[in-house]
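Written out below as structure tokens is the structure these notes cover.
The values are calculated or read from the model by the stated rules, or taken from the named source; none is laboratory data. It should be emphasised that the depicted structure is a prediction, and the values quoted were computed from it without experimental measurement. Ideal geometry is used to build each Cβ from the backbone, glycine not excepted, and the neighbour counts take in all protein chains shown.
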Amino acid sequence: MKPTENAGTAPRQRPSAVPLVHPAVLRGAVVAAAALALVGGVTDLLLDGRALFPGGPAGWAFAVLTGLIVGHLVALGRDRWWGGTGSGAALTLAVLLLYGYVPGVLVSLAVVVLVGAARRHRWRQALLHGAVDILGIGAAALALVATGGHPSVEHPWTPDSWGIAAVPAVLAAALCYLAATRALLWYAVAPRGGVGLRSVARTALVRQALVGVALLGISPLMAVVAVHLPVLLPLFAVPLVALDSTLWIARARAEEQLRDPLTGLPNRQWLLERTWSALDHAERLGERAALVLIDLDRFRSVNDTLGHLAGDRLLLQIADRLRLALPRGAEAARLGGDEFAVLLPGCDSPTRAQRVARTLVAALGSPLNLDGLTLVLEASAGVAVFPDHAVDAEGLLRRADVAMYEAKRDRSGVEVYEATRDGNTPDRLGLLGDLRRALDSGDVELHYQPKVRFDGKVAGLEALVRWVHPERGRVSPEEFIAIAETSGLMPQLTEYVLETALAQVARWRNMGIDVPVAVNVSPRDVHTPGFAGSVAARLARHGVPPGALQLEITEHVLLEDPQRAADTLAGLTGHGVKMSLDDFGTGYSSLVHLRRLPVSELKIDRSFVARLVVDTEDAEIVRCTVDLAHSLGLLVVAEGVEDDETWERLRDMGCDAIQGWLVAAAMPPEETTAWLRIRAKSGWHRGDDADDLAGRAAEAERAAVPEKTAEAAEAAEVAQRPSGQVVK
């Protein structure tokens with residue numbers, strides 16, 4: 001099953017809940033409905049000749065209290081009051097209970113208009129909040145009418161007339177006001193991605209519960225004081241201000257839980273919840289969304305060299321650059337350490353997401369200044385796209401992480417997720433378990449491909465791992481080696497290959513066949529502490545001289561931890577193990593690394609050799625590589641030689657040896673033994689007839705039967721010896 005097919009059909013784990021009406025349309029409808037309700041209420045009172053607002057001590061007391069509340073809201077600063085307050089709601093409901101709909105609306109409008117005037121750049125929000133409050137007060141007034149209450153300025157609903165029946169009326173009015181205003185605000189200012197974040201929703205519910213308590217507890221008390229001791233009514237400013245402060249603290253704490261304390265960017269929790277929201281929106285509209293994961297390369301060395309305080313200051317600069325480089329609609333977050341993420345809610349293709357990622361990486365890679373010291377930090381980014389790569393927020397983040405580590409490993413800057421390079425898909429996880437069991441049971445084989453000089457002498461063999469799966473058949477080495485590298489199984493695979501290859505070398509030496517064998521090792525192996533010592537111990541255990549083993553490495557061993565890699569390689573060469581640089585020309589800064597690696601052989605990658613005859617640029621690269629290696633005292637082996645013309649061109653260039661199908665394909669140990677016996681006598685020559693070669697191989701096998709029998713008898717004798725007996 002292809003991962004993209006699986007992603008396209010996987011069920012969503014979180015329901016999509018988005019507004020049925022676009023927020024912009026809803027905002028316009030709210031303002032229009034509020035205007036009609038306000039005009040209708042005022043017109044009705046004026047036509048009946050009734051007062052709009054109470055006079056006398058109570059009216060002035062409410063006016064003074066309203067002024068205090070407005071001053072408090074303006075003093076909050078930074079428009080904090082737009083997040084919802086309890087003071088204005090409690091004051092409005094108290095006036096509504098006493099004097100009805102229009103006076104309550106006037107108090108609310110006074111608060112909204114005055115605060116909006118103090119903050120002129122937010123007049124649209126002031127208009128929306130005023131409209132929502134008008135409709136909320138209307139809902140509360142209808143609740144009072146439904147429970148038998150008809151308050152007005154001329155006939156207020158005084159507390160003296162309240163009885164047990166007033167409890168459901170006050171409760172219904174408060175709940176209707178709260179539900180109407182908060183529901184309208186929630187949907188009218190809903191984010192583009194649909195529903196808000198779950199954490200925000202939870203804390204908002206807590207805040208509104210506090211507002212509800214204020215409405216039920218403070219508003220009736222204000223009505224009682226307004227009727228009996230209106231001069232004390234302004235003192236309610238103290239508990240109302242305390243209520244607003246409590247609400248603000250709750251909101252600030254909720255925001256802190258979703259913010260990175262160092263950079264102020266949203267954190268991982270915010271990113272996941274916001275990504276869910278964006279995916280819901282993209283799914284509803286049939287669009288794509290993308291997630292870009294960015295990690296700074298070698299940032300740890302900055303902390304180790306300059307200290308963590310300097311590292312924090314650099315992270316602040318990085319965060320600022322990231323904010324400035326974001327395209328319109330994108331949102332950034334810091335996941336921790338030197339890892340950042342960028343959400344692209346509307347992304348039409350993986351190519352566009354990759355282009356955005358490259359822009360961000362380039363912006364972060366420009367020089368930074370720290371106390372007069374110029375620093376350049378490179379970054380690597382991984383891109384995952386919904387629904388191509390994953391259909392949920394966690395899956396999208398994980399696959400962007402996989403792509404990011406591919407970019408970091410290949411030093412390519414930016415990579416888009418590819419299922420073939422992900423070792424954590426269900427199919428590949430199953431293959432990983434099968435590979436682990438195959439290593440434990442010895443079902444993984446080694447085949448050997450010869451390297452020959454141009455005079456026909458065998459220069460050595462390269463051990464190549466092969467695996468035949470019991471159900472899938474032959475598995476590509478590229479596939480299961482990639483799984484081993486990304487899963488942590490690579491050290492076990494390397495140990496298995498080394499153990500098997502050295503055992504085979506020991507058997508060949510007992511047969512009188514002395515040929516060096518090369519084994520590929522990964523950068524992870526070289527960075528493993530004690531690797532050089534373990535190789536030396538295996539050589540001693542099998543009785544194989546160090547010169548009979550050659551380890552093939554790539555220049556990537558120096559990219560992650562150059563010092564540790566250099567120490568390990570120096571330890572290996574100190575034990576007498578030869579080193580070969582594989583895949584030369586396919587990495588980065590090859591000439592620099594060539595000077596630092598203690599290698600005796602250089603292998604030209606097959607990508608250059610394959611087009612040597614038809615591509616003049618490849619031919620010139622090969623020629624220059626041969627000359628460079630010889631000037632450094634290195635032998636040169638060309639990989640992937642498949643035809644006579646390529647062989648001739650390499651010979652003319654001065655190449656030392658070749659490896660490829662022109663000589664022989666990788667062979668099992670038995671066939672390799674027969675091939676070596678033949679070449680020990682006559683050497684390798686171009687144009688050998690395949691049928692003649694097969695006949696000579698079979699003859700060599702028959703000639704080796706007595707020797708094999710003798711080996712078997714010796715093995716049986718050894719098996720019957722008592723434990724611990726040493727044979728000299």
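Name the pairs whose Cβ atoms lie under 7 Å apart, with the first residue in segment 482-510 and not assigned by TED's automatic domain parsing to the domain that holds Leu431, the second surrounded by fewer than 18 Cβ atoms within 10 Å (Cβ to Cβ) and modelled with pLDDT under 95, and 6 or more positions between them or separate chains?
Listed pairs, sorted by first residue: none to list.
Here is a yes/no grid of residues against (1) part of a loop (DSSP other than H, G, I, E, B); (2) more than 16 Å from Ala381 (Cα to Cα); (3) in contact with a Lys or Arg (Cβ under 7 Å, 6 or more places away or on another chain):
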| residue | (1), (2), (3) |
| --- | --- |
| Trp270 | no, yes, no |
| Glu287 | yes, yes, no |
| Leu293 | no, no, no |
| Ala310 | no, yes, no |
| Leu314 | no, yes, no |
| Ala319 | no, no, yes |
| Leu335 | no, no, yes |
| Val361 | no, no, no |
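Considering each residue of segment 371-391, count those that are among the hydrophobic types (A, V, I, L, M, F, W, C), farther than 20 Å from Glu406 by Cβ, part of a loop (DSSP other than H, G, I, E, B) and in contact (Cβ under 8 Å) with a residue 24 or more places away in the chain, and give that number.
Number of matching residues: 1.
Assess whether Gly196 counts as being touching a Ser or Thr at 6+ places or on another chain (Cβ under 9 Å) and either modelled with pLDDT under 75 or not in a helix (DSSP H, G or I) (or both).
yes
Which count do you get for residues in segment 5-48 that are part of a helix (DSSP H, G or I), surrounded by fewer than 13 Cβ atoms within 10 Å (Cβ to Cβ) and modelled with pLDDT under 50?
Looking only at that region, the number is 3.
Among the numbered criteria (1) closer than 30 Å to Ser412 by Cβ; (2) surrounded by fewer than 19 Cβ atoms within 10 Å (Cβ to Cβ); (3) at pLDDT 85 or above, which single criterion is violated by Thr586?
(3)
Those residues that are within 21 Å of the chain's Cα centre (by Cα) and in a helix (DSSP H, G or I), I need them from segment 295-308; list them, please.
Hits for segment 295-308 are Phe299, Arg300.
Would you mind telling me which numbered condition in (1) without any contact (Cβ under 8 Å) to a residue 40 or more places away in the chain; (2) more than 19 Å from Ala362 (Cα to Cα) Thr275 fails?
Among (1) without any contact (Cβ under 8 Å) to a residue 40 or more places away in the chain; (2) more than 19 Å from Ala362 (Cα to Cα), Thr275 violates only (1).
In segment 337-359, what residues are crowded, with 19+ Cβ neighbours inside 10 Å, in a loop (DSSP other than H, G, I, E, B) and not acidic (Asp, Glu)?
Residues satisfying the conditions are Pro345, Gly346, Cys347.
Take the residues in segment 250-268 that are outside any helix (DSSP H, G or I) and out of contact with any helix residue (DSSP H, G or I) (no Cβ under 9 Å at 6 or more places or on another chain); name whichever of them is nearest to Gly382 (Cα to Cα).
This residue is Asn267.
Condition first: over 23 Å from Arg411 (Cα atoms), among the aliphatic types (A, V, I, L, M) and more than 18 Å from the chain's Cα centre (by Cα). Now tell me which residues in segment 309-346 satisfy that.
Leu309, Ala310, Leu316, Leu324
Test of understanding: among Asp297, Asp312, which residue is closer than 30 Å to Tyr417 by Cβ and at pLDDT below 90?
Going through Asp297, Asp312 in turn, the sole match is Asp297.
Which count do you get for residues in segment 608-631 that are over 23 Å from Trp661 (Cα atoms) and either outside the structural domain of Leu461 (by TED's automatic domain parsing) or over 43 Å from the mean Cα position of the chain (by Cα) (or both)?
Qualifying residue count for the region: 3.
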